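Undergrad: Shown below is the structure under consideration.
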Amino acid sequence: MTSHDGTRPASGCARTRGISVSEERRVGPGLTLPGSVAVARVSFREWLESHRADLERFRDPGADVEHVYESLRALQRLLFDAGWIRLGWPESLGGLGGAPIFRSVISEELALAGYPPPFSFGTQEVLGPAVATFARPELAAEVLPRLLRGEETWCQGFSEPGAGSDLGSLRLRAGPDGDDWRVTGEKVWTSWAQFADRCLLLARTGSVGSAHRGITAFFLDMNTPGIEIVPLRSMNGDDEFCSLRFDDVLVPGKRVLGQVDGGWAVAMFVLTGERGAAAWQRQVWLRSRLADLAADPRASCSDAALGESLELLHALRLLSRRTVRALSDGENPGELTSLDKLAMSTSEKFLFDTALGGLQDEIVLGTSPDAATWRNDYLYSRASSIYGGAAEIQRNIIAERILGLPRS
Amino acid sequence: VDAEDLAQVDKSLRRATRGLDVGGVRRAVTDFGWYELLAEDPHAAVSTLFTLQGDVLLPGSFLDGVMLAEAGVAEASRVALPPLDHLQPTSTLCGHRVQVEGIVQHGDGTVLVPCLSDGTLALVSCAAEDEGPPGDALDPAAGWHLLRGDLHLGSVLLDGAEAEQAWARMAAAGRRALAHELVATTAVMLRLTVEHVTIREQFGRPLGAFQTVKHALADVRLWQESAALAAAAAWEDRGSGSAALAKALACRASRTARQNCQQLLGGMGFTWEHPFHRYLRRALTLEPLLGGARVQQAELGRALRHGMVPMSLAQL
């Protein structure tokens, strides 16, 4: 079962040849913009190895949320200063240039070396590309470098009490006030809003019945007067979620992302980003949890269950790799990402079902921090077929837009 | 070889083999120069022919050729695969007798038998003339039959570590080929069903407008796509792990298609006239060759426990 795990990129594959080959050049002290994915991987591995001692303190950030944030923020800053986090972002936005696929190489290598994802890795990949694409250039040039340096964090105001899977029916209202906008309404299931400096918010600017055609995306500051943040504890006990209330909140006109009434395109772009590099990061993490489970002497999982879990994660990895490559090449993978999302929830739930089967005493009755981690991961995995477009929605999209079955 | 060349190979093989019986197909494939292509570019050769085979259900199999080429064995023309749902051989060598327990293609060529000799693996050759037992198997056109009995040893081709390594490579090559074929049979089952549920109306609307129907076919599409990517990815490192993963995902896709497509094809798919049953028969025959889904999963699980599966299998 051994397999070549070298650093040579796969040859003979047309898709691989096209990607990420930027001209090799020096871009700062000690860092050369890699000419290929393979070079980026090797250089970053070498850097990680030679900075092992400096990085050791980041390996286990503990459980206290405030402390975790500080530790991840410091890691982010260190990687930014060394240049690694700037790879694959345009120079005008604080990056060093090069193909976006470099970002996925860095996040994977960091995880493989046993470090947690830095401060804003998730946000960077979910919201960063949308802001880079749809914000006015001067706004993007102001906020993206701050995001990359770990100086701020953003949240995503999409879902509402009455608009979950049916996102197009959202009702939070933005009305014009001169050149500016006034926002009133509610958002819910907004992750980490209590720590966020900005919010990418979807609001209704068209008529009540305008559905996805009457939505506008805004990028607003979370310290604007009129925003109330109410924590909403999730079933796994996390304070991740919040519900947000907006009462006549003033948003400057220059904070519109894309076109007025063109917010649906921004939302779809965000969802695609979620299934690109962010999904890639998640499959790396899931694979590491499978390795933990396979190595756990207490776990009584069958070989077949572990193998099936690997099989499902392999499917996810290959789907995600295709999407990451397409996005890096500037292609739109479109509805194909619904396959990624369905594979992600299926493989994630199967993995933690396998863990529950093999570590039942720990997960049900255990009281150690390790037991709490497995329990938390198991419970959180239940949401994977709900958030970001429920599995039912993904199956509808696959059937109607990929297979061409009639819309009901 | 680029995508255009592959399309050309597919087109030529498709035309050359159309409507032929098993002997005709073998000659046409040989005359095309497929074995030369196999030696030069196994990825191109295997992905085209096995995909075509699964697509139109060519009679017979070229699995022997793929596995023998991988081991560099010229002294045999057929391989006695281990029993269904087994990767490891159960045949035994004792003196000059080989107690064979396996599956072979119909024919009269010399058979390579992987077997155990004092607990270690050996690859031996045996002369065997058999057209198979009388009567039909589940998929008579696939050309596989059970070979059991006491055969006279021809010669020991490989033993010890060499035999182990050669068998691992042969098994991986065989699984990659089967994965391509199963991906293709799955694609046809899905296509037939999508066509059916688009045209067939019940309760005043097409079956495909019902969400239950959509969801069942979305699952087939998900696993078929995953299996196709895994079959292609298995050529990147040509390792045992990625071949096992490709075959495991192909079995998942095939199983999902067998179940969901059959249900949605309803009474029409249950007739002899409808092509579905021919694909079902082929799928049920191919899935357990060189180990079915559970065998591969257990093998992958053991490898995982021993830290033998790289974290970054299928690199960016």
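Undergrad: Of B:E101, B:E273, B:E225, which has the largest mean-square fluctuation in a 10 Å C-alpha GNM of chain B?
TA: Maximum among the listed residues: B:E273.
Undergrad: Any chance you could check the stretch A:334-360 for residues losing 50 Å² or more of accessible area when the partner protein chains are in, compared with the chain on its own (1.4 Å probe)?
TA: Residues shielded by partner chains are A:L339.
Undergrad: With a 1.4 Å probe and all protein chains left in place, how much of the accessible area of the stretch A:76-126 comes from carbon and sulfur atoms, in whole percent?
TA: 54 percent
Undergrad: How much of the DSSP beta bridge set in the stretch B:27-116 is antiparallel, as a percent to the nearest 5?
TA: Of all bridge pairs located within the stretch B:27-116, approximately 50 percent are antiparallel.
Undergrad: Averaged across A:106-116, how many Cβ atoms of other chains sit within 10 Å of each residue's Cβ atom?
TA: 1
Undergrad: If packing is taken as the mean number of other Cβ atoms within 10 Å per residue, what is the order of A:336-344, B:78-86, B:175-183, highest first?
TA: On the way: A:336-344: 26.4, B:78-86: 21.6, B:175-183: 29.3.
Taking the mean over residues of other Cβ atoms within 10 Å, the ranking is B:175-183, A:336-344, B:78-86.
Undergrad: Lysines within cross-link reach of A:K187: Cα-Cα under 25 Å, excluding same-chain residues under 8 positions apart?
TA: In chain and number order, the partners are A:K254, A:K341.
Undergrad: Moving on. Let me have the 222 nm mean residue ellipticity of chain B computed from DSSP H runs of 4+ only, each contributing -39500 (n - 2.57), with the sum over all residues rounded to the nearest 500.
TA: Computed mean residue ellipticity for chain B: -19000 deg cm²/dmol.
Undergrad: Considering only protein heavy atoms, what per residue accessible area in square angstrom results for the stretch B:1-139 with a 1.4 angstrom probe?
TA: 47 Å²
Undergrad: In addition: In a shell of Cβ-Cβ distance under 15 Å around A:L293, excluding A:L293 itself, what net charge do Lys and Arg (+1) and Asp and Glu (-1) give?
TA: Its environment carries a net charge of -4.
Undergrad: Below 30 Å, Cα to Cα, which lysines can B:K11 reach? Residues fewer than 8 away in the same chain don't count.
TA: Within reach: B:K247.
Undergrad: Let me ask something else about it. Output the residues of the stretch B:230-259 meeting this criterion: accessible area (heavy atoms, 1.4 Å probe) in the chain alone minus accessible area with all protein chains in place is 40 Å² or greater.
TA: Relative to the lone chain, where solvent access is computed with a 1.4 Å probe, the stretch B:230-259 loses at least 40 Å² at B:E236, B:D237, B:L245, B:L249, B:R252.
Undergrad: Can I ask one more? Please give the per residue accessible area of the stretch B:246-316, computed with a probe of 1.4 Å over protein heavy atoms only, in Å².
TA: Spelled out: the 1.4 Å probe surface of the stretch B:246-316, per residue, equals 38 Å².
Undergrad: Ranked highest first by the average count of other Cβ atoms within 10 Å around their residues, in what order do B:24-36, B:246-258, A:185-197 fall?
TA: Packing proxy ranking, top to bottom: B:246-258, A:185-197, B:24-36.
Undergrad: Determine the sum of side-chain charges near B:R294: Lys and Arg each +1, Asp and Glu each -1, restricted to other residues whose C-beta is under 13 angstrom from that of B:R294.
TA: Cβ neighbours under 13 Å give a net charge of -2.
Undergrad: Which shape class applies to chain A: rounded if a/c is under 1.5, otherwise prolate when a/b exceeds b/c and oblate if not, where a ≥ b ≥ c are the square roots of the Cα gyration tensor eigenvalues?
TA: Because its axes are fairly even, with a/c under 1.5, chain A counts as rounded.
Undergrad: Then there is this: Provide the percentage of antiparallel DSSP beta bridges, counting only those with both residues in chain B; round to the nearest 5.
TA: Counting DSSP beta bridges with both partners in chain B, the antiparallel share is about 90 percent.
Undergrad: Same structure, new question: Solvent-accessible area per residue for chain A at a 1.4 Å probe radius, Å²?
TA: Per-residue value: 41 Å².
Undergrad: Also, quick follow-up: Could you please state how large a percent of the accessible area of the stretch A:273-408 is carbon and sulfur, counting protein chains only and using a 1.4 Å probe?
TA: Numbers: 2540 of 4730 Å².
Carbon and sulfur: 54 percent of the exposed surface of the stretch A:273-408.
Undergrad: Whenever you get a sec, compute what percent of the accessible area on the stretch B:192-316 sits on carbon and sulfur atoms (1.4 Å probe).
TA: 56 percent
Undergrad: Tally Lys and Arg at +1 and Asp and Glu at -1 over the other residues with C-beta under 14 Å from the C-beta of A:W192: what net charge comes out? Please list the in-between numbers first.
TA: Numbers: positive: A:R73, A:K187, A:R198, A:R233; negative: A:E66, A:E152, A:D197, A:D238, A:D239, A:E240.
Once all neighbours under 14 Å are counted, the net charge is -2.
Undergrad: Separate question: Relative contact order (percent) for the stretch B:176-293, with alpha-carbon contacts under 8 angstrom and 6 or more residues of separation?
TA: About 36 percent, as a whole number.
Undergrad: Between A:S169, A:S243, A:S50, where does the largest GNM mean-square fluctuation fall for chain A, given springs only between Cα atoms within less than 10 Å?
TA: A:S50
Undergrad: Something else: Quick one: buried accessible area between B and A, total over both chains, 1.4 angstrom probe, nearest 100 Å²?
TA: That pair hides around 5100 Å² of surface in total.
Undergrad: Quote the relative contact order of chain B in percent (integer), defining contacts as alpha-carbon pairs under 8 Å separated by 6+ residues.
TA: Relative contact order comes out at 17 percent.
Undergrad: Among DSSP beta bridges lying fully in the stretch A:146-227, give the percent that are antiparallel, nearest 5. It would help to have the intermediate numbers written out before the result.
TA: Details: 13 of 18 bridges.
About 70 percent, rounded to the nearest 5.
Undergrad: Counting alpha carbon pairs within less than 8 Å and at least 6 residues apart, what relative contact order, in whole percent, applies to chain A?
TA: 12 percent
Undergrad: Taking 60 Å as R0, compute the FRET efficiency from the Cβ-Cβ separation of A:D370 and B:R191 and round it to 0.05.
TA: 0.80
Undergrad: Continuing with the same structure: In deg cm²/dmol and to the nearest 500, what is the mean residue ellipticity at 222 nm of chain A if only DSSP H runs of at least 4 residues count, each as -39500 (n - 2.57), divided by the residue total?
TA: Rounded to the nearest 500, it is -13500 deg cm²/dmol.
Undergrad: What are the ³J(HN,Hα) couplings of the stretch A:354-368, residue after residue, when phi is run through the Karplus curve with 6.51, -1.76, 1.60 and θ = phi - 60°? Round to Hz, x for glycine and proline.
TA: Karplus values, whole Hz, x for Gly and Pro: 5, 4, 4, x, x, 10, 4, 4, 4, 6, 7, 10, x, 10, 6.
Undergrad: How shielded is A:296-305 by partner chains, expressed as the average number of their Cβ atoms within 10 Å of its Cβ atoms? Kindly include the intermediate steps, with their values, before the conclusion.
TA: On the way: counts 1, 0, 0, 1, 0, 2, 4, 10, 10, 3.
If you average over the peptide's residues, the count of other-chain Cβ atoms is 3.
The values are calculated or read from the model by the stated rules, or taken from the named source; none is laboratory data. Model, not experiment: these values are computed from the prediction. Cβ: placed from backbone, ideal geometry, glycine included. Neighbour counts: every protein chain shown. For accessibility, only protein heavy atoms count, side chains too; no ligands or nucleic acids. Shrake-Rupley method; radii C 1.70, N 1.55, O 1.52, S 1.80 Å.
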